[in-house]
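S.K.: First the structure, which I've put down as structure tokens, then a few questions once you've had a look.
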Amino acid sequence: MKFFEWTPAYATGNEEIDYQHQNLFNMANNVHDMMSSGAEMRLAVDIFFEQLIQYTDYHFTTEEKLMQETHFGEYTQHKAMHDALRKQVIDFQKKFKSGEVDISTELMEFLKSWLTNHIQHTDTKLGKHLATQS
Ligand SMILES: [Fe+2]
Ligand SMILES: [Fe+2]
């Protein structure tokens with residue numbers, strides 16, 4: 001049983017966004033597995049943070065471009081949430097690098113809240129808006 005599971009409840013209706021969200025769920029699952037496996041996971045977690053930071057930025061930039069191209073009315077609020085999440089991921093990486101050992105529960109809660117709240121409440125609004133375009 002996967003810890004983070006993408007289901008149609010997370011669908012925004014936009015193929016590109018949904019595909020990227022599924023990748024984010026997979027990445028979150030990988031880190032969950034790494035952290036539950038315990039010892040010898042530092043290097044793996046280190047690599048994970050770099051990947052997550054890059055992919056998060058890539059994904060948010062995709063959504064931000066789509067919002068701008070389609071003159072989405074809630075761009076400013078949505079972008080502000082992305083910026084807060086971008087910063088939080090970097091803060092987690094810093095904590096991890098500085099040797100704070102027990103970030104795993106906090107990190108899992110953060111990922112869960114991001115993947116559920118942001119996608120279900122904010123990205124789905126963008127998906128509805130995009131569906132009205134073209
Ligand atoms: Fe978003
Ligand atoms: Fe998203």
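The values are calculated or read from the model by the stated rules, or taken from the named source; none is laboratory data. None of the values given here were measured: they were computed from a predicted structure. When we count neighbours, we look across all protein chains shown, and the Cβ atoms used for this are built from the backbone with ideal geometry, even at glycine. The accessibility values were calculated without ligands, DNA or RNA, using every heavy atom of the protein model including side chains. Shrake-Rupley method; radii C 1.70, N 1.55, O 1.52, S 1.80 Å.
S.K.: Have a look at Q68, A28, L115 and report the one farthest towards the positive end of the charge dipole of the chain, computed about the Cα centre with Cβ charges (Lys/Arg +1, Asp/Glu -1).
M.R.: Among Q68, A28, L115, the one farthest towards the positive end of the dipole of the chain is Q68.
S.K.: Can you list, bin by bin at 5 Å, the percent of alpha carbon pairs in the chain, starting at 0?
M.R.: Calculated over all Cα pairs of the chain, the distribution is 2, 10, 20, 23, 18, 12, 8, 4, 2, 1, 0 percent.
S.K.: While we're on this one: In square angstrom, rounded to the nearest 10, how much accessible surface does M41 have for a 1.4 Å probe?
M.R.: 40
S.K.: How much of the accessible area of the range 10-122, in percent, comes from carbon and sulfur atoms when a 1.4 Å probe is used?
M.R.: For the range 10-122, the apolar C and S fraction of the accessible surface comes to 53 percent.
S.K.: Please identify the DSSP H helices in the chain that span no less than 27 Å along the helix axis (Cα) and have a mean Kyte-Doolittle hydropathy of -0.5 or more.
M.R.: On the way: long enough: 15-36 (32 Å, -0.94); 42-69 (40 Å, -0.40); 75-97 (33 Å, -1.14).
Those that pass (Cα extent of 27 Å or more, hydropathy at least -0.5) are 42-69.
S.K.: Which value, in debye to the nearest 20, describes the size of the charge dipole of the chain about its Cα centre when Lys and Arg Cβ atoms bear +1, Asp and Glu Cβ atoms bear -1, and nothing else is charged? Kindly include the intermediate steps, with their values, before the conclusion.
M.R.: Values: 12 positive and 20 negative charges, 38 e Å.
Dipole magnitude for the chain comes out near 180 debye.
S.K.: Can you tell which of I103, A11, A44 lies farthest toward the positive end of the dipole of the chain, using +1 and -1 charges on the Cβ of basic and acidic side chains (Lys, Arg; Asp, Glu)?
M.R.: Ranked along the dipole, the leading option is I103.
S.K.: So which of K65/K97; K95/K128; K97/K125; K87/K112; K94/K128; K94/K125 end up more than 25 Å apart, counting from Cα to Cα? Working shown, then result.
M.R.: Working: K65/K97 32 Å; K95/K128 37 Å; K97/K125 36 Å; K87/K112 16 Å; K94/K128 36 Å; K94/K125 32 Å.
Over 25 Å Cα-Cα: K65/K97; K95/K128; K97/K125; K94/K128; K94/K125.
S.K.: With a sphere of radius 11 Å drawn around the Cβ of F60, what net charge do the other residues whose Cβ falls strictly inside it have (Lys, Arg +1; Asp, Glu -1)? All intermediate terms of the calculation are to be shown ahead of the outcome.
M.R.: On the way: positive: K65, K79, R86; negative: D57, E63, E64, D83, D123.
Counting the neighbours of F60, the net charge comes to -2.
S.K.: Excluding E16 itself, calculate the net charge of residues whose Cβ lies under 11 Å from the Cβ of E16, where each Lys or Arg counts +1 and each Asp or Glu counts -1. List each step's numbers first, then the result.
M.R.: Working: positive: K65; negative: E15, D18, E63.
Summing Lys/Arg as +1 and Asp/Glu as -1 gives -2.
S.K.: Could you tell me the relative contact order of the range 1-109? Use alpha-carbon pairs under 8 Å, at least six residues apart, and round to a whole percent. Numbers along the way, then the final one.
M.R.: Numbers: 51 pairs, mean separation 25.1, N = 109.
With pairs under 8 Å counted, the relative contact order is 23 percent.
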